[in-house]
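Asker: My questions will all concern the structure given below.
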Amino acid sequence: MVAIEVDGLTKRFGDVVAVDDLSFQVARGEVFGLLGPNGAGKTTTIRIIMDILTPDAGSVLVLGQPPARAKAAVGYLPEERGLYRNLRVLETLVYLAELKGVPRTAARERATFLLESIQAGDWAQRKVRELSKGMQQRIQFVASLVHDPEVVFLDEPFQGLDPLNVERVKDAIGALHRDGKTIVLSTHQMNLVEALCDRILLIDHGRAVLYGRLEEIKRQYAPNAVRVRAGELPAHIPGVAEVALEQGAYNLNLADGARPQDVLKALVDRAVDLQSFEVAPVPLGDIFVAAVGGREG
Amino acid sequence: MDWRRMWVVARHEFTTNVRRPGFIIMTLAVPVIGAAVLAFGAFFGSQAELLGQFLEQQFDVGPEGIGVVDRSGFFSPILPEYEERFHPYSTEAEAEAAVLAEEVSAALLIGEDYLETGSVVVVSKGSGFSSAVVADSPTVRAFFADHLLAGRVEAELQERVSDPMNITSRVASLEGEGASGGEGSIAFNFIVPYVAGLLLVSTIFVSSGYLLQSVGEEKESRVVEIVVSSVRPAELMAGKVAGLGVLGLLQMLVWAGSMAAFSGGAAAIWQMAGAAALPARVLVLGAVYYLLGYTVYAILMAGIGALGTNMQEGQKLAGIFSVFAAIPYMLSTVFLADPNATLVRVFSIFPLTAPTTMLMRLPLAEVPWTDIVASIVSLLLSVPAALWVGSRLFEVGVLAYGKRPTLREIWLIIRGRGATVKRHRPGEERN
């Protein structure tokens with residue numbers, strides 16, 4: 001089932017093409033990473049899907065409907081976010097839920113339930129301005145969920161959070177995922193993308209650079225290398241071009257055409273005292289830099 | 001336009017702003033100041049009464065009484081009601097001695113030829129001033145009148161001569177105006193629409209102040225991004241205009257009501273209103289102009305105000321419209337001189353001056369129907385036009401954080417369509 005379907009989306013601001021013929025799909029129930037450098041067109045894309053902006057070309061369907069008709073089913077935690085400073089927490093949440101079409105009583109019940117679920121029940125009657133920044137961020141997170149949306153857009157949800165709150169938000173995203181919600185996550189924190197996302201779309205200058213399952217992308221970008229923990233290595237191993245010792249493990253860069261399994265066989269044949277053997281992982285951050293930097297270079 | 005969402009916004013704006021300390025203080029300021037002025041007035045009013053009594057005593061015969069030497073025979077014996085303050089003396093020397101001894105404050109020497117000449121000599125201890133006081137004293141005048149007439153004319157006539165006028169004031173009114181209510185009606189016919197016009201201008205000022213504050217706060221706190229993901233900017237703007245319009249009207253009614261109450265009582269005003277028989281046409285048209293005027297102004301001000309990066313800037317930008325609303329008041333002498341002058345007719349049709357112009361003009365003269373129709377049509381056409389321009393500006397403005405579009409950009413936004421409209425969305429450049 002497709003939650004979001006974007007096809008040929010284009011958006012210009014004057015001479016700047018913010019989104020350029022962008023197409024992708026987000027499946028129902030997945031955590032989807034929308035990545036890209038600053039100014040790549042992420043927020044513009046999200047704003048179009050949220051029906052805040054209208055595209056110049058292309059189409060968007062959210063749960064099979066045009067964005068204007070899907071507002072009630074979509075939650076949004078914007079990057080540029082804030083709350084009514086002089087309103088009480090509960091009032092704010094009830095108002096935002098009512099704007100999404102939730103009747104007042106139901107909105108109040110749901111908001112109270114959500115506040116209690118984040119151990120913030122006593123904040124309900126406090127004014128937003130009296131809360132600490134971390135508390136406000138948690139309320140903002142609750143605000144994006146108060147109408148029980150099917151699809152949630154989280155634009156930089158970890159921005160400005162301390163490690164403890166990062167964990168809390170991460171857990172909350174995990175809980176939403178388990179509840180079957182569709183989550184679109186936009187963040188610069190690649191370790192969190194790796195921890196949370198099933199699939200990603202990396203955009204730059206409004207165009208898709210990488211798109212697909214995270215594991216597959218990582219595999220594509222994996223260098224032709226293996227990481228080995230072992231006793232002593234023989235001076236010459238067939239298929240290995242270079243050996244480097246990094247943090248107690250050997251990094252073996254393979255020669256052109258050599259495959260990891262050939263190297264493993266060679267090591268076993270030579271009775272090397274192997275403790276671990278793995279294809280060298282590539283951090284998503286490196287892939288990001290390679291994909292975006294490569295284009296710019 | 002989703003009316004339910006607009007209603008949610010309107011209700012939210014009203015209920016959150018009506019509780020603001022600023023609103024409560026401003027709203028109650030007029031009744032409180034009015035009550036204070038009234039109390040102040042009452043206090044000094046009673047002081048004035050005391051002062052009046054004091055002055056009256058100074059300018060009337062003193063408690064010592066007045067000596068009378070009567071050679072004419074009209075004043076002997078002294079009538080019982082005057083015995084306490086007027087004392088007869090048989091000779092001028094006795095009377096003069098009594099004055100010197102301060103047994104009496106003055107003495108009246110009434111000659112034999114009094115009836116023919118009216119001559120009376122006043123003997124007093126002090127300056128001539130005392131004589132003048134005695135001569136002007138209502139008590140002394142009544143003393144003469146009563147003694148001259150007692151027993152000679154009917155008591156009623158005698159009473160009238162000694163107290164000839166019971167004065168009540170009345171202002172002359174024009175005949176044939178159809179307003180049969182007397183002195184109050186003409187003033188009322190003019191004052192009601194004049195006040196209604198002022199009410200409109202004030203509501204525009206007050207409501208737009210809240211409107212800009214509300215938009216400014218949503219922009220500054222960035223909550224607007226969440227809000228516009230739920231409602232369309234036009235719905236948000238319309239909801240704000242409606243909710244805060246009601247709020248502004250409420251404040252104006254409290255002010256107007258308390259002013260009416262303090263300036264002689266609302267009941268008196270109602271009585272006067274009934275008597276004035278303010279033409280129904282003026283009332284109905286007044287309400288129409290009021291509503292249309294507020295709508296056009298508020299929408300445009302919301303749009304322009306949203307372009308400001310903060311509330312202060314928004315207010316400055318929107319201030320230009322307040323000037324338009326006030327123009328007819330600045331030119332009220334022209335209006336009063338000739339309510340159907342060409343300039344006035346032009347202002348009646350120009351949508352930004354039409355509401356206040358017509359509110360002032362209607363009661364002053366027989367306004368041609370063509371002018372009324374033209375001004376209403378002009379306002380009716382302006383509402384969608386204002387909504388179109390205002391919502392475009394608002395849409396661009398609410399998402400533009402920290403940067404104000406230039407005049408050229410604003411012009412392009414208004415003129416543009418589709419892509420052009422969105423192209424100058426400065427907030428978009430920071431992704």
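So that you can scan it fast, the table gives a plain yes or no per residue for (1) modelled with pLDDT of 80 or more; (2) farther than 20 Å from B:Leu198 by Cβ:
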site: B:Tyr294; (1), (2): yes, no
site: B:Gln312; (1), (2): no, yes
site: B:Ala325; (1), (2): no, no
site: B:Asn340; (1), (2): yes, yes
site: B:Thr353; (1), (2): yes, no
site: B:Arg361; (1), (2): yes, no
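Asker: Restricting to the stretch A:61-83, and then to whatever is out of contact with any helix residue (DSSP H, G or I) (no Cβ under 8 Å at 6 or more places or on another chain) and assigned to a loop (DSSP other than H, G, I, E, B), can you tell me which residue is nearest to the other protein chains (Cβ to nearest Cβ)?
Answerer: A:Ala70
Asker: Output the number of residues of the stretch A:40-60 satisfying the condition of being of a type in the set (Gly, Ala, Ser) and either part of a strand (DSSP E or B) or over 19 Å from A:Leu185 (Cβ atoms) (or both).
Answerer: Of the residues in the stretch A:40-60, 3 are of a type in the set (Gly, Ala, Ser) and either part of a strand (DSSP E or B) or over 19 Å from A:Leu185 (Cβ atoms) (or both).
Asker: Restricted to the stretch B:212-225, and to residues that are at the interface with chain A (Cβ under 7 Å from one of its Cβ atoms) and crowded, with 24+ Cβ neighbours inside 10 Å, which residue is nearest to A:Ile46 (Cα to Cα)?
Answerer: B:Glu225
Asker: Looking only at the stretch A:95-118, which residues are assigned to a helix (DSSP H, G or I) and touching a residue at least 40 places away in the same chain (Cβ under 8 Å)?
Answerer: A:Leu96, A:Ala97, A:Ala107
Asker: Follow-up. Given the conditions (1) without any contact (Cβ under 8 Å) to a residue 12 or more places away in the chain; (2) away from chain A (no Cβ under 12 Å), and given that B:Met237 satisfies all but one, which numbered condition is not satisfied?
Answerer: Failed condition: (1).
Asker: Could you tell me which of the residues A:Arg168, A:Arg219 is part of a helix (DSSP H, G or I), closer than 30 Å to A:Asp21 by Cα, out of contact with any His (no Cβ under 7 Å at 6 or more places or on another chain) and not hydroxyl-bearing (Ser, Thr, Tyr)?
Answerer: A:Arg219
Asker: What pairs come up if the first residue lies in the stretch B:81-92 and is assigned to a helix (DSSP H, G or I), the second is among the aromatic types (Phe, Trp, Tyr), and their beta carbons are under 7 Å apart, counting only those six or more places apart or on different chains?
Answerer: What qualifies is B:Tyr82/B:Phe143.
Asker: Looking only at the stretch A:61-90, which residues are surrounded by fewer than 20 Cβ atoms within 10 Å (Cβ to Cβ) and more than 25 Å from A:Gly160 (Cα to Cα)?
Answerer: Scanning the stretch A:61-90 gives A:Leu61, A:Leu63, A:Gly64, A:Gln65, A:Pro66, A:Ala68, A:Arg69, A:Ala72, A:Ala73.
Asker: Kindly list the number of the only condition in (1) more than 15 Å from A:Gly36 (Cα to Cα); (2) touching a helix residue (DSSP H, G or I) at 6+ places or on another chain (Cβ under 9 Å) that fails for A:Gln189.
Answerer: All conditions are met except number (1).
Asker: Of all the residues that make up the stretch B:68-94, how many are of a type outside the set (D, E, K, R), buried (at least 16 other Cβ atoms within 10 Å of the Cβ) and either under 15 Å from B:Leu148 (Cβ atoms) or touching a Leu at 6+ places or on another chain (Cβ under 7 Å) (or both)?
Answerer: Total meeting the criteria: 7.
Here is a yes/no grid of residues against (1) polar (S, T, N, Q); (2) within 14 Å of chain B (Cβ to nearest Cβ); (3) without any contact (Cβ under 8 Å) to a residue 12 or more places away in the chain:
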{"position": "A:Asp7", "(1), (2), (3)": "no, no, no"}
{"position": "A:Gly14", "(1), (2), (3)": "no, yes, yes"}
{"position": "A:Val19", "(1), (2), (3)": "no, yes, no"}
{"position": "A:Leu22", "(1), (2), (3)": "no, yes, no"}
{"position": "A:Gly29", "(1), (2), (3)": "no, no, no"}
{"position": "A:Pro37", "(1), (2), (3)": "no, yes, no"}
{"position": "A:Thr44", "(1), (2), (3)": "yes, yes, no"}
{"position": "A:Asp51", "(1), (2), (3)": "no, yes, no"}
{"position": "A:Ser59", "(1), (2), (3)": "yes, no, no"}
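Asker: Right, another one. Only residues that are surrounded by fewer than 11 Cβ atoms within 10 Å (Cβ to Cβ) and over 57 Å from the mean Cα position of the chain (by Cα): list them for the stretch B:101-118, please.
Answerer: Scanning the stretch B:101-118 gives a single hit, B:Ala101.
Asker: Taking the stretch A:145-159 as the search range and keeping residues that are more than 18 Å from A:Arg28 (Cα to Cα) and under 16 Å from the mean Cα position of the chain (by Cα), which one is modelled with the lowest pLDDT?
Answerer: Checked the stretch A:145-159; the qualifying residue modelled with the lowest pLDDT is A:Gln159.
Asker: Among the residues of the stretch A:16-38 satisfying the criterion of being small (Gly, Ala, Ser) and assigned to a loop (DSSP other than H, G, I, E, B), which is surrounded by the most Cβ atoms within 10 Å (Cβ to Cβ)?
Answerer: If we take residues in the stretch A:16-38 being small (Gly, Ala, Ser) and assigned to a loop (DSSP other than H, G, I, E, B), then A:Gly36 is surrounded by the most Cβ atoms within 10 Å (Cβ to Cβ).
Asker: For the stretch B:185-193, state whether one or more residues are modelled with pLDDT under 70, hydroxyl-bearing (Ser, Thr, Tyr) and either within 22 Å of B:Met360 (Cα to Cα) or surrounded by fewer than 17 Cβ atoms within 10 Å (Cβ to Cβ) (or both).
Answerer: The answer is yes; a qualifying residue exists.
Asker: Pairs needed: first member in the stretch B:141-167, more than 28 Å from B:Val69 (Cβ to Cβ); second member anywhere, in a loop (DSSP other than H, G, I, E, B) and among the charged types (D, E, K, R); C-beta distance under 9 Å; at least 6 residues apart or different chains.
Answerer: Here the result reads none, with nothing in the stretch B:141-167 linked to a residue that is in a loop (DSSP other than H, G, I, E, B) and among the charged types (D, E, K, R).
Asker: Just name the residue that is surrounded by the fewest Cβ atoms within 10 Å (Cβ to Cβ) out of those in the stretch A:39-60 that are closer than 30 Å to A:Asp286 by Cα and in contact with a helix residue (DSSP H, G or I) (Cβ under 7 Å, 6 or more places away or on another chain).
Answerer: Checked the stretch A:39-60; the qualifying residue surrounded by the fewest Cβ atoms within 10 Å (Cβ to Cβ) is A:Ile49.
Asker: Still on this structure, please answer the following. For the stretch B:18-35, give me the residue count where each residue is in contact with a Ser or Thr (Cβ under 8 Å, 6 or more places away or on another chain) and either in a loop (DSSP other than H, G, I, E, B) or not aliphatic (A, V, I, L, M) (or both).
Answerer: Residues that pass the stated criteria total 2.
Asker: Here's another thing I want to ask about it. Does the stretch B:110-117 contain any residue that is of a type in the set (D, E, K, R), modelled with pLDDT of 85 or more and under 16 Å from B:Gly65 (Cβ atoms)?
Answerer: no
Asker: Out of B:Ile372, B:Ile349, I need the residue that is surrounded by 15 or more Cβ atoms within 10 Å (Cβ to Cβ), within 22 Å of B:Leu291 (Cα to Cα), aliphatic (A, V, I, L, M) and touching a Ser or Thr at 6+ places or on another chain (Cβ under 6 Å). Which one?
Answerer: Criteria check complete, one pass: B:Ile349.
Asker: Does at least one position in the stretch A:111-130 carry a residue that is at the interface with chain B (Cβ under 9 Å from one of its Cβ atoms) and either modelled with pLDDT of 90 or more or surrounded by fewer than 17 Cβ atoms within 10 Å (Cβ to Cβ) (or both)?
Answerer: Yes, the conditions are met somewhere in the stretch A:111-130.
Asker: Please list, ordered by first then second residue, the pairs with beta carbon atoms under 7 Å, 6 or more apart or interchain, first in the stretch A:140-151 and at the interface with chain B (Cβ under 10 Å from one of its Cβ atoms), second among the basic types (Lys, Arg).
Answerer: Final answer for the pair search is A:Gln140/A:Arg81; A:His147/A:Lys100.
Asker: Is the stretch B:274-285 home to any residue that is under 22 Å from B:Leu198 (Cβ atoms), at pLDDT 75 or above and in a helix (DSSP H, G or I)?
Answerer: yes
Asker: I'd like to check something: does the stretch B:165-177 contain any residue that is surrounded by fewer than 17 Cβ atoms within 10 Å (Cβ to Cβ), at pLDDT 80 or above and either in a loop (DSSP other than H, G, I, E, B) or not small (Gly, Ala, Ser) (or both)?
Answerer: no
The values are calculated or read from the model by the stated rules, or taken from the named source; none is laboratory data. Computed from a prediction, not measured in an experiment: that's the story for all the values here. Cβ sites come from the backbone with ideal geometry, for glycine too, and all protein chains shown count toward neighbours.
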